[in-house]
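Taking it in order: structure first as structure tokens, then the write-up.
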Amino acid sequence: MTLSNLMNFDRPAMAEFFCNLGEKRFRAEQVVKWIHQLGVADFDAMTNLGKNLRAVLQHTAEVAPPAVLGEQWSADGTCKWLMRLGDGNAIETVFIPETERVTLCVSSQVGCALNCSFCATARQGFARNLGPAEIIGQLWAANERLRTFGAPRVTNVVMMGMGEPLLNYDAVVTAMNLMLDDFAYGLSRRRVTLSTAGHVSGIDRLKEDCPVSLAVSLHATTDTLRDTLVPLNKKYPIAKLLNACRRYVADAPRTRVTFEYTLIDGVNDSDKDADRLAALVADVPCKINLIPFNLFEGTIYRRPPRLRIDRFRETLLSRGLFTVTRTTRGDDIDAACGQLAGQVQDRTRRAQRYRCHRTADVH
Ligand code: SAH
């Protein structure tokens, strides 16, 4: 018999699990608290459950997060964990300590199906969606590691690791429900951010189901360019995407969408681009995160010089847009934005195609 992995359940699903065992619903609160708040995976340590129930759980259930397979520390204090999944795939999770917060960058898929031209994850191709346990398990395992160092727990989560979270909607929402649940991690909506390449129908659903902070990877100011950088743009072009952003914050005063804009040398970093960007988002309550392009092996793109990055930011600031340039963290261990790769059993054969192109370039 396969064991039910209790890490897959948010509180309503856990309550259903216990009802099916003939138990009271409040068991869900107790067990969610043991697993996620107290970091306990062993049923015998769950002392308020009663001996019989613990014995039943031993035979029917398990608490199984991904196993930490590797750990790499950057000179700047960032840490990247390689986490093994049950099936031979592995994903990456990044821990980013800052002065006032501890951020975890969480993956939602093994690889990514979107094929953005400037992203290393795209090169790996796509294997599969992660289950809820594999998503929330990254936070569980991170807190577990931090506990062994005596370090503070994670205070902020960004769904900005490998994959497009809105293409794995149900599992991501289940995991985020646990992040927000006071019986589990109790993070406020401001401290959980989902980043999307621009999946419009997913953004609309998220607004209803789990309105966490929204980040949108914009990266271009014309559809012609965005079609090449983020091919999902062909399905959801800029105007439609920006309308979805407006809807997302319409009924929520004081909330803002974050637009991520990766600056790529000679591609999207001109004064004209900055002007167009300012005009496009002028009436969207937002802030802008500029991400200087992070290099990875085999890419044709380059990072703009510092002066250009600063000038782009100043143009946006002068238009009254709240703009920050994201400091690059962890690029010495390939943990920065767009550098995550993991170990993906590529079902799209994209990785193979990229390798062939590169061999062809060499000859
Ligand atoms: N699929 C989601 C989640 C990934 S978040 C999304 O697209 O938003 C990772 C962020 O890093 C995205 O904004 C992505 O566009 C950006 N990124 C990807 N490759 C990058 C690179 N090489 N340098 C800088 N940023 C990159």
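Brief remarks on what is shown
- Neighbours by Cβ (under 6 Å, 6+ apart or cross-chain): first from the stretch 296-307, assigned by TED's automatic domain parsing to the domain that holds G338 and under 15 Å from C337 (Cβ atoms); second assigned to a loop (DSSP other than H, G, I, E, B) and within 11 Å of the ligand (Cβ to nearest atom): F296/Q339; Y301/F118; Y301/I264; Y301/F293; R303/F293
- Qualifying residue in the stretch 113-123 (condition: part of a helix (DSSP H, G or I), over 14 Å from the mean Cα position of the chain (by Cα), more than 17 Å from W73 (Cα to Cα) and of a type in the set (G, A, S)): yes
- Within the stretch 129-152, restricting attention to residues that are away from the ligand (no atom under 16 Å from the Cβ) and assigned to a loop (DSSP other than H, G, I, E, B), the residue that is modelled with the highest pLDDT is G131.
- Selection of the stretch 103-112 for residues being of a type in the set (S, T, N, Q) and in a loop (DSSP other than H, G, I, E, B) yields S107, S108.
- Filtered residues of the stretch 167-178 (kept if of a type outside the set (G, A, S) and within 16 Å of the ligand (Cβ to nearest atom)): L167, N168, Y169, V172, V173, M176
- For the stretch 270-299, the tally of residues that are at negative phi and under 25 Å from the mean Cα position of the chain (by Cα) stands at 17.
- Scanning the stretch 308-354 for residues that are under 21 Å from L218 (Cα atoms) and of a type in the set (K, R) turns up R308, R311, R313, R319, R326, R329.
- Members of the stretch 100-113 that are within 11 Å of the ligand (Cβ to nearest atom) and surrounded by fewer than 24 Cβ atoms within 10 Å (Cβ to Cβ): A113
- Residues of the stretch 200-256 that are polar (S, T, N, Q) and more than 16 Å from the ligand (Cβ to nearest atom): T222, T224, N243, T255.
- Any strands (runs of 3 or more DSSP E) falling wholly within the stretch 244-359 and containing at least 1 residues that are touching a helix residue (DSSP H, G or I) at 6+ places or on another chain (Cβ under 7 Å), surrounded by 14 or more Cβ atoms within 10 Å (Cβ to Cβ) and not hydroxyl-bearing (S, T, Y): 257-263, 286-292
Here is a yes/no grid of residues against (1) among the basic types (K, R); (2) closer than 22 Å to V32 by Cα; (3) within 16 Å of the ligand (Cβ to nearest atom); (4) surrounded by fewer than 22 Cβ atoms within 10 Å (Cβ to Cβ):
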{"residue": "M159", "(1), (2), (3), (4)": "no, yes, yes, no"}
{"residue": "P165", "(1), (2), (3), (4)": "no, no, yes, no"}
{"residue": "L180", "(1), (2), (3), (4)": "no, yes, no, yes"}
{"residue": "F183", "(1), (2), (3), (4)": "no, yes, no, yes"}
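- Selected residue (criterion: farthest from G198 (Cα to Cα)) from residues of the stretch 114-128 that are more than 10 Å from the ligand (Cβ to nearest atom) and surrounded by fewer than 20 Cβ atoms within 10 Å (Cβ to Cβ): R128
- A single member of N268, N294 is in contact with an Asp or Glu (Cβ under 6 Å, 6 or more places away or on another chain) and at pLDDT 90 or above, and it is N294.
- T121 vs. criteria in contact with a strand residue (DSSP E or B) (Cβ under 7 Å, 6 or more places away or on another chain) and either in the same structural domain as D76 (by TED's automatic domain parsing) or of a type in the set (K, R) (or both): yes
The values are calculated or read from the model by the stated rules, or taken from the named source; none is laboratory data. Note that the structure is a prediction, hence the values are computed from the model and not measured. Ideal geometry is used to build each Cβ from the backbone, glycine not excepted, and the neighbour counts take in all protein chains shown.
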